[in-house]
1. Given axes a ≥ b ≥ c from the Cα gyration tensor, I'd like to know whether the range 44-142 is rounded (a/c under 1.5), prolate (a/b larger than b/c) or oblate.
2. At each listed q (0.11, 0.22, 0.25 Å⁻¹), what is the log10 of I(q)/I(0) that the Debye formula gives for the range 272-335 modelled as equal alpha-carbon point scatterers?
3. Can you compute the charge dipole magnitude of the range 229-381 about its Cα centre, using +1 on each Lys and Arg Cβ and -1 on each Asp and Glu Cβ, nothing else charged? Give it in debye, rounded to the nearest 20.
4. Output wanted: per-residue J couplings in Hz (rounded whole) for the range 321-329, from phi through Karplus 6.51 cos²θ - 1.76 cosθ + 1.60, θ = phi - 60°, x for Gly and Pro.
5. For the range 181-242, list log₁₀ I(q)/I(0) at each q in 0.18, 0.20, 0.27 Å⁻¹, using the Debye formula over Cα point scatterers of equal strength and ignoring solvent, two decimals each.
6. Stick to Cα atoms and the Kirkwood definition of Rh, then tell me Rg/Rh for the range 332-425.
7. Check which residues have an amide H placed less than 5 Å from LEU300's amide H, if you skip close sequence neighbours.
8. Of the options CYS301, VAL81, HIS60, report the single residue whose Cα projects farthest towards the positive end of the charge dipole of the chain (beta-carbon charges: Lys, Arg +1; Asp, Glu -1).
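Any read-out appearing in this document is the output of simple, stated calculations on the displayed coordinates, not a laboratory observation. Source: prediction; values computed, not measured. A quick note on method: Cβ atoms are made from the backbone with ideal geometry, for glycine too, and the neighbour counts reach across all protein chains shown.
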Amino acid sequence: MLIALLFVLGTVSCTLFLAVNGLYSASDDVIELTPTNFNKEVIQSDSLWLVEFYAPWCGHCQRLTPEWKKAATALKGVVKVGAVDADKHQSLGGQYGVRGFPTIKIFGANKNKAEDYQGGRTSDAIVDAALSALRSLVKDRLSGRSGGYSSGRQSRESGGGDKKDVIELTDDSFDKNVINSDDVWMVEFYAPWCGHCKNLEPEWAAAATEVKEQTKGKVKLAAVDATVNQMLASRYGIRGFPTIKIFQKGEDPVDYDGGRTRSDIVARALDLFSDNAPPPELLEIISEDVLKTTCDAHQLCIISVLPHILDTGASGRNSYLDVMLKMAEKYKKKMWGWLWTEASAQPDLESSLGIGGFGYPAMAAINARKMKFALLKGSFSEQGINEFLRELSVGRGSTAPVGGGAFPKIYTVEPWDGKDGELPVEDDIDLSDVDLDDWDKDEL
């Protein structure tokens, strides 16, 4: 009896553990993917992959789980079926533009250009889509359109679309492009015959495209054939291949010693970008577009509700804005969005965040994807805000759902003109035509 009870308790504990930590287990035919194994399992694979990006708390994901498992079992040995806990591995979800859950992507011949799955959420629909994609993959291979990356010097010089964002540099073009540039450059020195260079090539190409998009071209990835451009190789002491160096204006080049996967390269490039980027813009919420564009594009948006201009004047308001700008600079590596509005200008927004018309200035941090927010409980000062944001950055602090589960109505308002506020001008009453001498004194 005791043994049976222990067995039941153990089974329940295991079930609860799985429920808390994810939707899939090692016994499933669904392959759990993480930033550690994603490149090896998916990107470097010749197989067709269907990958679900999910969040354990997502109701739609929970309903999809049994169907996804059934599809994985049916496709076992034919098509690989994987899953990424994108709530836990947000960097991996971010690489593929995941904005909601579940998101399903198909990784076919060209693993660096995943396709969105738009079909039904039943196992039958998923299997049908997988087999259709597989047929297309086989036909492409039969016709010679592999969609993958080739290796070696020929592919670098061919100018194919896969290499479009890797800038080829030479002895003649290097200084003009790199040394005299305000941008950050990551430069690979390679040899066409080098096996490690060939392995790096598709990762470098994929990273170049992603970095270009995420940094708006402010960080560039380039390549130098060191066997041809020997002046550059000698100048920078290139002794082995591939060698990657980082160039920033006014500084000596430094060696890149990170990982050789796309995600590793992109992560380093984004660090370089944030180190050199100006602080984020601090925008006034003057329309719905400003709020949604900013919050949808960032993991968090920090919103301050400042006192009415008649209560603080321009100098008081500017002092609050200065505090926000300092915090935006301090936390710019987080790539958060920063917004502000005047008290009572956006009453529905204040109500949805529980600010409710008093206690200004106030601050809230909103995760637009989860529609959750946290309120600043301390003082609206550098120290108080820093403590608030530091807690958020490490995943601590209490949160609450945004009222209504979505952004409320945002009113279009005139932007602040930077001046002190003025009370409304009352109409003057003209008494020039009134003859007071004609009034009956008894009526006075």
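1. Working: a/c = 2.08, a/b = 1.32, b/c = 1.57.
It is oblate, given that a/c is not under 1.5 and a/b is not larger than b/c.
2. Here the Debye-derived log intensity ratios amount to -0.30, -1.02, -1.16.
3. On the way: 18 positive and 18 negative charges, 152 e Å.
Roughly 720 debye for the range 229-381.
4. 5, 4, 4, 5, 5, 5, 5, 5, 5
5. Debye output, listed in q order: -0.68, -0.81, -1.10.
6. Numbers: Rg = 14.7 Å, Rh = 14.9 Å.
Radius of gyration relative to Kirkwood radius: 0.99.
7. Close amide H contacts, sequence-distant or interchain: GLY337.
8. VAL81
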